[in-house]
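J.: One structure, as structure tokens, below. Some questions next.
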Amino acid sequence: AGPMARVRWRSAGYLAVFVVSALATYNSLQTLHGHARAGRHLEVEHLHHHHHTPTSAASTPGHVRGSGADPVADLEPFHRTPRDDGEKNAGDDVETAVRRGEFGLGASSFATGSDESRRTDRIDAKPQQLGTKKDDKKKDDKKGNDKKGNGKYHVLLTANDAVYVRWQSRIMYHQYKKIAADPTLAGAMGGFTRILHSGKPDDLMDEIPTVVVDPLPKGIKDHGYVVLHRPYAFKQWLDTYAADVEEEYVLMTEPDHLYLRGMPLFATPNRAAAFPFFYIDPKKPEFTPIVQKYNEVKAPIDAFAPIGNSPVMISVESLSRVVPKWHDLAVAMKQDPVADKAFGWVIEMWAYSIASAQVGVTYELHPEMMLQPPWDDSFQVKGKEAYIIHYTYGQDFAKSGVATPGKIGEWHFDKRDFTGIPPKEKIPMPPKDAHEVIQKMMTIINEGITELPHWP
């Protein structure tokens, strides 16, 4: 080829490199901003959905009560509201997104990206059969006999040591302390424990009451699904630490839970309490065969509660019955291609529901346990005051105060924007006409940022 031909080929090569580089930069920025289509918005598809009965977009104007937001504008094909669960097998796309990073089932959902955690074609070891010890005769029976329970519940937070989880945990515990210290707000709140399942202490040990437990044994791979560590973390807490707490009930919670007030003691020795998720529905034809495959005791279909493990209030005794089965089912279902495809990122929640039915633990459902903005715009749920704000979704609002879910708003906040580094300073507040829940949510977050020592 002549000199001119070589110049043309070289120019074409430079152009190709520039285009590829530009596209990569654009995609990186999109992901960092929390708006990658298979990241943030597929979470709306499949994770922590609204607690109300699913309603079609056509029949429910707004989907944000009182906001006037258009429920379908800019929502195709993945930008769908959490009440619309019409598409199937979204879990496949969710797992693809997870492999690019983290997007949120709460405490233990941060994907580490380590070689041990990366997705492979199979799990190399069979699930370990874990049993709960009798805690050495309840520590010589002395502790067991003296344990009064005092009509309160102990708050349990599972977490790893990822930056993204740490800053949320700090704000969550800061707000817990405020509520627990106020007799008019505390309800039946008792003590607090962070169950750190990284296997080693971190620098928050003096700030947040913490016990350190191990991650999953190396023979059990998490496939990038770090929530799989959660049942094993609770199992270790039950074996080693449960006898040391005064309360006979626990509230299982997550780092992105902000307390508005303390719950009363909803749970009883014979019945736990939980927040309902409409997408945990064993009666759906596509789910029933999988549920029945793991229904070893042939429990009736109505015995399977539409819940995950958080928020759940439960007696320590009942939790000790659920946890071993929950662990075994979560690991077994994760290596079952059919179950894994059907349940995707919420397979651990399904495992908890199925495990509860296997051991006979039942639940009273409390939709007022939790609000999930932007979909919830009032502090009341079915006439009852709510207790927790869960900020799992990205928040987008126009200057008018109208929520714009699925579209980057003139005001924006998404916890995933701070995956690798905490927010360094107070975050601008939402428009003044945005609803009361988002205003309160950002007030609590900003109080943590400005009031906690040594932030970030």
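J.: Given segment 357-425, what whole percent of its Cα pairs are spread farther than 14 Å?
T.: 68 percent
J.: Where both partners of a DSSP beta bridge lie in segment 153-371, what percent of those bridges are antiparallel, to the nearest 5? Don't skip to the answer; put the middle values down first.
T.: Working: 7 of 24 bridges.
About 30 percent, rounded to the nearest 5.
J.: Another question about this same structure. Taking only pairs that are 8 or more places apart or on different chains, how many Lys pairs in segment 160-303 have Cα atoms under 16 angstrom apart? List each step's numbers first, then the result.
T.: Working: 200/218; 283/293; 283/298; 284/293.
Qualifying lysine pairs in segment 160-303: 4.
J.: Once you list every other residue whose beta carbon is under 10 Å from the beta carbon of residue 199, what net charge do they have if Lys and Arg are +1 and Asp and Glu are -1? Write out the running numbers ahead of the final one.
T.: Working: positive: 200; negative: 161, 214.
Counting the neighbours of residue 199, the net charge comes to -1.
J.: Kirkwood Rh, Cα Rg: Rg to Rh for segment 153-371? Show your work: numbers first, answer last.
T.: Working: Rg = 16.8 Å, Rh = 17.7 Å.
Value, to two decimals: 0.95.
All of the numbers you see were taken from the coordinates with simple rules; none came from a lab. Values in this document were obtained by computation on a predicted structure and should not be read as measured data. So basically every Cβ, Gly included, is an ideal-geometry build from the backbone, and we count neighbours across all protein chains shown.
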